[in-house]
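Student: Just passing along the structure, written as structure tokens.
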Amino acid sequence: MRTIIIALMLVLTLAACGTKDDSVESPMPDAEAAEQTATPAPVPSSNDQNLKSTNTLKDEIPDGPVGTLQLADGSTIVISELIKLDKYYLYMSGKLNGRSSTVVSFTRFTDFMKFEAFIFKDQHNFIVTTKKGKELIFMDARIYLGSDSADTYSFYTVDDNLDRQLVTVKKSNVATIKLH
């Protein structure tokens, strides 16, 4: 028992000595000391505490179509605009390369556009290719694009009159989504 108490006291003493600052403070000249005592330290105002960062990331979306969706019957639909789900352009979850459970979600359009294509084997198994030539194989996965529905994707396209039109397609009918 005494050994434990002595060991604990030794550990506490070493910890206390380790945090002590051994550096020597340089003396302050008399003129500077008089200035510091004469001018009080600035007190932060309530406005200073409410300041927010001015560094904001701008999500730049280029003009023109975003991509092309090819259906299983061979027809294609041009995607002119994506719909955000809350703050995400895309949300995927599933087993990446059959090994680890992975979640991918993009809040910026430029990050989303680093993908090249989504190739669907079926509704829950697909391959994602990147513009750098990598393949990401997702199995037992869920992907949400423009809709929080488990069965559909939604996005905007432009009709013959150049009017923006909402399109919803069943996930089971989609073969590929190619991004530009």
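Student: Go through segment 82-95 and count every residue that is open to solvent by 70 Å² or more (accessible area, probe 1.4 Å) and farther than 18 Å from Ile119 by Cβ.
Tutor: 4
Student: Tell me, which residue of segment 135-153 that is of a type in the set (D, E, K, R) and part of a strand (DSSP E or B) is farthest from Asp111 (Cα to Cα)? Write out each step before concluding.
Tutor: Here is the first cut: in segment 135-153, the ones of a type in the set (D, E, K, R) are 135, 140, 142, 148, 151.
Okay, now just the ones that are also part of a strand (DSSP E or B), so 135, 140, 142.
Details: Glu135: 16, Asp140: 23, Arg142: 19 Å.
Within segment 135-153, the match that is farthest from Asp111 (Cα to Cα) is Asp140.
Student: Same structure again: Just the residues that are open to solvent by less than 40 Å² (accessible area, probe 1.4 Å) and part of a strand (DSSP E or B), please, taken from segment 154-180. Break it down stepwise before answering.
Tutor: We begin by selecting, within segment 154-180, every residue open to solvent by less than 40 Å² (accessible area, probe 1.4 Å); these are 154-155, 157, 167, 169, 171, 174-177, 179.
Answer for segment 154-180, where residues must be open to solvent by less than 40 Å² (accessible area, probe 1.4 Å) and part of a strand (DSSP E or B): Ser154, Phe155, Thr157, Val167, Val169, Val174, Ala175, Thr176, Ile177, Leu179.
Student: Consider Lys114 against the criteria (1) touching a residue at least 24 places away in the same chain (Cβ under 8 Å); (2) open to solvent by 40 Å² or more (accessible area, probe 1.4 Å): it satisfies all of them except one. Which criterion is unmet?
Tutor: For Lys114, the failing item is (1).
Student: So which of Gly133, Gly146 is on the phi > 0 side of the Ramachandran plot and either acidic (Asp, Glu) or open to solvent by 30 Å² or more (accessible area, probe 1.4 Å) (or both)?
Tutor: After applying the criteria, what remains is Gly133.
Student: Hey, another quick one. Give the residue, chosen from Thr152, Thr130, that is touching a residue at least 12 places away in the same chain (Cβ under 8 Å) and touching an Asp or Glu at 6+ places or on another chain (Cβ under 9 Å).
Tutor: Answer to the check: Thr130.
The values are calculated or read from the model by the stated rules, or taken from the named source; none is laboratory data. Predicted, not measured: the structure shown is a model, and the values here were computed from it. Counting neighbours? That spans all protein chains shown, and the Cβs are built from the backbone with ideal geometry, glycine included. Just so you know, the surface numbers come from the protein's heavy atoms only, side chains and all, with ligands and any DNA or RNA stripped out. Shrake-Rupley method; radii C 1.70, N 1.55, O 1.52, S 1.80 Å.
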